[in-house]
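Engineer: Take a look at this one; I'll ask things after.
The values are calculated or read from the model by the stated rules, or taken from the named source; none is laboratory data. Fair warning: this is a prediction, and the values are worked out from it, not measured in the lab. Heads up, the Cβs are rebuilt from the backbone with ideal geometry, glycines too, and the neighbour counts pull from every protein chain shown.
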Amino acid sequence: MELLEYWKIIRKRLWLILLLMAVSTASATYYSLQQVPMYRTTTTLFLNPAYPSPLLPYYVALSAKSLANTYAEFMRTRSFAQLVAQEMGDGTTLEEVLGAISTRYVEDTQFLKISITHANPEKAQKLADTATQVFIAENISRQQAQQEQIRTQDNVKALQRQQLQELQQSLQDELEHYAQRIEVLQAQIAELESKPSSQEADQRILALRQELISNQSLRVGVLTSLAQTQASLAASEGGSSVDTAVVVDAAPLPTEPLPQQTLQHILLALAASLGLGVGLAFLLEYLDYTVKTPEELDAVYGMTTLGVIGVIEGEGKGREGGTREEIVTLTAPRSPAAEAFRALRTNIQFANPGQAVRSLLVTSAGPFEGKTLTAANLAVSLAQDGSRVILADTDLRKPRLHRVFDIPKEPGFTDLIVDQKDAFEDYLRPTSVQNLRVLPCGKVPPNPAELLGSSRAAEVMEQLKEHADVVVYDSPPAATVTDAVVMACRVDGVLQVVWAGGTRRDLVRQGQAVLEKVGARILGAVLNRVNLSDLGYYSYYYYYGYYYRDHHEHESRERSLLRRLLPWRRRRRGKRRKSERDSETAAADNSAN
């Protein structure tokens, strides 16, 4: 398949692709706008990996990454999340902690970052502080429990342990003091911010914030000292060092929400919908089993397509609600469709050079494929070429030619058969087209197939040839009823009309097989209602039609446009004409004097 064919498929389903892109863009925008603003705060820890001997300090750099990965996995466990939720004491659930916490190790360093993402900024800060405290406490407690089995009490002095324990208790008391003070300061700041703003209140808030920052810094220092004291105490009790983590930067209170990433969501939705739309367009094209192009009809029918008729502009609704076929060969003789019918007329005339086509049956495989439209325009085109033409309506089930030419339906073809009269001139209706007469259907019989298959109908069809050079018959669908099949063997040629994009390939083959079975002489097929983009190498008919349009109308539109766009030309032309009239008037006065 060539690139042009790919482009035709995409252009044909372009409305579907654009619709999917519009829906996905609207959905992505709505989804982004409905998202709750999230806040994120981060605590930075400094890792102190244990090493077995003071002679191997490089062991710290080697084990920092593995230690950070171990800590990160530990903080993603449900047991750790359960401890944090219990420590929070405000109804925080285990799933809420697991969904909020995330860790990141800074490569080639000893820093580990603990981030908390939550819709409430205050709770995000509290959750980060709690998670850090629980992690440090659990880390020391777990390692102390591991070393409890191997520690030796002989290598540690009782006085040193007692001093370290007292120092640890003092630091814990100091840590609780700062925590309480920070909580009080935050409450005071929140209370002042809720009141109306004033200069005195703003100064008080500023002072409280400075005191809050100072207490938070002191608290960080106490946490660091406490971690070092706990490590020394564990070393004095266990006889070897332990892995510790020290808080470098405590989690600040987030003030700005995270970006909503609306643009990223929209671009992702556009890319996904574009891919889905293109894939769906090709899938629908693959599943479409109809004949759409002249090339496809050539392959399906096994014969060269005699005519290609595009979508006729101006088709509307008839007086009785059905589609009104327009005789474009009369109403728009220079249109592309009219030129296509003239090309069809020429192809029929040269379909069999050794034998002239005196009678022609126009049929189709199924209903609503445009056979009446084709028969009427072809008959007009033949008459305009100088041939005497009779257009007979033998569709005795749904006759329509009398509506197209606005003539009475009765008497007509059936009356001519039943009455068995030879006065054909009484039944043929003249039209506004020279050399063209129409034989309407007449009364609709209850048994159309039997009536058309009678010997009298065959006799009438033979006698009609004596009154015209060409007789064109409009018949019912060949694959639906047997009327067309009965008449097909009595005419010089059969023309099958196919609706582009509406007739299935198997139905086209079925209509052809039915006609071939009775020995009908099939001249070829006509592809009707074709989009201009699908014409392929047949498009020169239509380009010629566009070229053949009246160029004077085009020039008139150009002059009108120039007059609107260039008003200064009108003013200059008006002044020139006024001066010429003044000169003529002056010359006339001089001659009179």
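Engineer: Of all residues being touching a helix residue (DSSP H, G or I) at 6+ places or on another chain (Cβ under 9 Å) and among the basic types (Lys, Arg) in the stretch 97-124, which is surrounded by the most Cβ atoms within 10 Å (Cβ to Cβ)? Just the residue, please.
Structural biologist: Residue satisfying both the conditions and the ranking: 123.
Engineer: Now a separate question. Within the set of pairs 6 or more residues apart or between chains, which connect a residue that is farther than 16 Å from residue 129 by Cβ inside the stretch 179-199 to a residue that is outside any helix (DSSP H, G or I) and of a type in the set (Lys, Arg) with Cβ atoms less than 7 Å apart?
Structural biologist: Nothing qualifies.
Engineer: Can you name the residue in the stretch 14-39 that is at pLDDT 85 or above and buried (at least 18 other Cβ atoms within 10 Å of the Cβ) and, of all such residues, is farthest from the chain's Cα centre (by Cα)?
Structural biologist: Among those that are at pLDDT 85 or above and buried (at least 18 other Cβ atoms within 10 Å of the Cβ), it is 28.
Let's see how each residue does on (1) modelled with pLDDT under 85; (2) assigned by TED's automatic domain parsing to the domain that holds residue 182; (3) surrounded by 18 or more Cβ atoms within 10 Å (Cβ to Cβ); (4) in a helix (DSSP H, G or I):
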| site | (1), (2), (3), (4) |
| --- | --- |
| 86 | yes, no, no, yes |
| 95 | yes, no, no, yes |
| 143 | yes, no, yes, yes |
| 169 | yes, yes, no, yes |
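Engineer: Then there is this: What tally of residues in the stretch 465-520 results from selecting those that are within 38 Å of the chain's Cα centre (by Cα), of a type outside the set (S, T, N, Q) and part of a helix (DSSP H, G or I)?
Structural biologist: Matching residues across the stretch 465-520 total 6.
Engineer: Just to be sure, is residue 453 surrounded by fewer than 23 Cβ atoms within 10 Å (Cβ to Cβ), more than 51 Å from the chain's Cα centre (by Cα) and over 20 Å from residue 373 (Cβ atoms)? Walk me through how you get there before you give the answer.
Structural biologist: On the way: surrounded by fewer than 23 Cβ atoms within 10 Å (Cβ to Cβ): yes; more than 51 Å from the chain's Cα centre (by Cα): yes; over 20 Å from residue 373 (Cβ atoms): yes.
So residue 453 passes the test.
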